[in-house]
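Written out below as structure tokens is the structure these notes cover.
The values are calculated or read from the model by the stated rules, or taken from the named source; none is laboratory data. The structure presented is a predicted model; accordingly, all values stated were derived computationally and were not measured. Neighbour counts are summed over all protein chains in view; Cβ atoms, including those assigned to glycine, are modelled from backbone coordinates with ideal geometry.
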Amino acid sequence: MAISKLKSSTQTLQKSNVTAAPRRRKTLSRSAYSKEEREEIFRRFSIQRPEPKGELEHVNPFTLVVAVALSAQATDAGVNKATRELFKIADTPEKMLALGEDGVIAHIKTIGLFRNKAKNVIALCRMLIDQFGSEVPKTREELILLPGVGRKTANVVMSMAFGVPTMAVDTHVFRIANRIKLAPGNTPDDVEDNLMRVIPEQYLYHAHHWLILHGRYTCKARKAECERCVIADICKYPAKSNDIPAPLVELPPQIIGATAE
């Protein structure tokens with residue numbers, strides 16, 4: 001009888017523990033927009049900027065990898081200024097390696113964290129030469145093996161160099177996805193997963209550039225310029241200051257490269 005009571009007590013305790021600590025499930029955040037609204041958002045972006053371009057200057061996949069790796073915690077304009085002369089003399093892993101860390105530093109010392117970045121660039125060159133035949137790999141799994149290359153950098157390279165539709169989540173994309181409730185997420189990886197899920201397939205290839213440029217020039221970090229926004233009537237940003245969309249016209253190329261925060 002005592003044994004039976006002990007078993008019963010133990011089973012009750014086990015059930016209680018299961019109830020108190022349920023298994024956590026990964027949940028995907030919902031977009032605040034319907035399928036039709038999402039299609040309209042990206043349709044307008046496609047008219048405003050039919051062929052959006054990344055703003056990092058490069059001449060081939062190798063220099064693109066280096067430029068994106070250098071852009072961490074730096075502006076595209078600052079990286080372009082530093083690499084313009086560098087890429088003229090070192091546009092291959094072999095040429096860059098021949099410069100050595102000091103040679104790379106001499107060109108990129110105006111960029112934040114330049115010493116560590118120079119070290120990574122040289123290590124990246126060695127790996128490309130030793131393991132990839134001096135060619136930039138085309139898969140994310142291989143790209144993230146390179147020193148200084150994370151998921152965001154890999155996504156940018158896959159998209160810009162090899163035409164793979166990916167979602168590179170930088171600070172602008174992360175802010176926009178959460179601010180306007182397009183694809184909320186607590187981490188860049190969460191936002192990436194959610195954006196890949198909600199962006200209409202026909203717009204996916206250019207989507208990350210549209211979102212970056214929208215965040216850089218219109219929906220700015222300090223203050224969103226809602227009067228210049230082509231999706232102001234659709235946008236669900238609680239603090240937006242305008243409900244009337246800006247004229248839906250194609251922007252001249254120089255607007256895309258204009259000064260921004």
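Select, from VAL149, VAL136, the only residue that is outside any helix (DSSP H, G or I), under 16 Å from the mean Cα position of the chain (by Cα), surrounded by 16 or more Cβ atoms within 10 Å (Cβ to Cβ) and on the phi < 0 side of the Ramachandran plot. Result: VAL149 is the single residue among VAL149, VAL136 that is outside any helix (DSSP H, G or I), under 16 Å from the mean Cα position of the chain (by Cα), surrounded by 16 or more Cβ atoms within 10 Å (Cβ to Cβ) and on the phi < 0 side of the Ramachandran plot.
Being part of a helix (DSSP H, G or I) and hydrophobic (A, V, I, L, M, F, W, C) is a property that does not hold for MET167. Within region 96-113, one or more residues are under 26 Å from GLY163 (Cβ atoms) and assigned to a helix (DSSP H, G or I). Specify which of the listed residues (PHE42, PHE87) is aromatic (Phe, Trp, Tyr), in a helix (DSSP H, G or I), farther than 20 Å from LEU124 by Cα and at pLDDT 95 or above. Of PHE42, PHE87, the one residue that is aromatic (Phe, Trp, Tyr), in a helix (DSSP H, G or I), farther than 20 Å from LEU124 by Cα and at pLDDT 95 or above is PHE42. Contact map, region 83-109: first residue closer than 13 Å to VAL66 by Cβ, second residue among the hydrophobic types (A, V, I, L, M, F, W, C) and outside any helix (DSSP H, G or I), Cβ cut-off under 7 Å, separation 6 or more or different chains; pairs are PHE87/VAL59; ASP91/VAL59; MET96/ALA90; LEU99/ALA90.
Residues checked against (1) of a type outside the set (Gly, Ala, Ser); (2) buried (at least 19 other Cβ atoms within 10 Å of the Cβ); (3) within 12 Å of the chain's Cα centre (by Cα); (4) not in a helix (DSSP H, G or I):
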| site | (1), (2), (3), (4) |
| --- | --- |
| ASN155 | yes, yes, yes, no |
| ASN186 | yes, no, no, yes |
| TYR205 | yes, no, no, no |
| GLU250 | yes, no, no, yes |
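Close contacts from region 46-71, counting a first residue that is assigned by TED's automatic domain parsing to the domain that holds VAL156 and a second that is hydroxyl-bearing (Ser, Thr, Tyr), with Cβ to Cβ under 6 Å and a gap of 6+ residues or different chains, come to ALA67/THR83; VAL68/THR153; ALA69/THR153. The number of residues in region 45-69 being assigned to a helix (DSSP H, G or I) and surrounded by 20 or more Cβ atoms within 10 Å (Cβ to Cβ) comes to 10.
In the set (1) loosely packed, with under 15 Cβ neighbours inside 10 Å; (2) farther than 18 Å from ARG38 by Cα; (3) of a type in the set (Lys, Arg), the condition left unmet by LYS236 is number (2). For region 207-231, which positions are within 22 Å of GLU51 (Cα to Cα), of a type outside the set (Ser, Thr, Tyr), without any contact (Cβ under 8 Å) to a residue 40 or more places away in the chain and outside any helix (DSSP H, G or I)? Hit for region 207-231 is CYS229, nothing else. The set of residues in region 115-129 that are under 24 Å from MET160 (Cα atoms) and over 21 Å from the mean Cα position of the chain (by Cα) comprises ALA118, ILE122, ALA123, CYS125, ARG126, MET127, LEU128, ILE129.
When region 45-56 is filtered for residues that are at pLDDT 95 or above and under 18 Å from the mean Cα position of the chain (by Cα), only PHE45 remains.
The lone criterion from (1) touching a helix residue (DSSP H, G or I) at 6+ places or on another chain (Cβ under 8 Å); (2) over 17 Å from LEU99 (Cα atoms) left unmet by ILE129 is number (2). Within region 162-184, take every residue that is surrounded by fewer than 18 Cβ atoms within 10 Å (Cβ to Cβ) and of a type in the set (A, V, I, L, M, F, W, C) and give me the one that is farthest from HIS214 (Cα to Cα). Within region 162-184, the match that is farthest from HIS214 (Cα to Cα) is PHE162.
Condition check ((1) modelled with pLDDT of 95 or more; (2) touching a helix residue (DSSP H, G or I) at 6+ places or on another chain (Cβ under 7 Å); (3) within 23 Å of ASN194 (Cβ to Cβ)) across all residues:
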{"position": "LYS5", "(1), (2), (3)": "no, no, no"}
{"position": "LEU13", "(1), (2), (3)": "no, no, no"}
{"position": "ARG23", "(1), (2), (3)": "no, no, yes"}
{"position": "SER29", "(1), (2), (3)": "no, yes, yes"}
{"position": "ASP76", "(1), (2), (3)": "no, no, no"}
{"position": "MET96", "(1), (2), (3)": "yes, yes, no"}
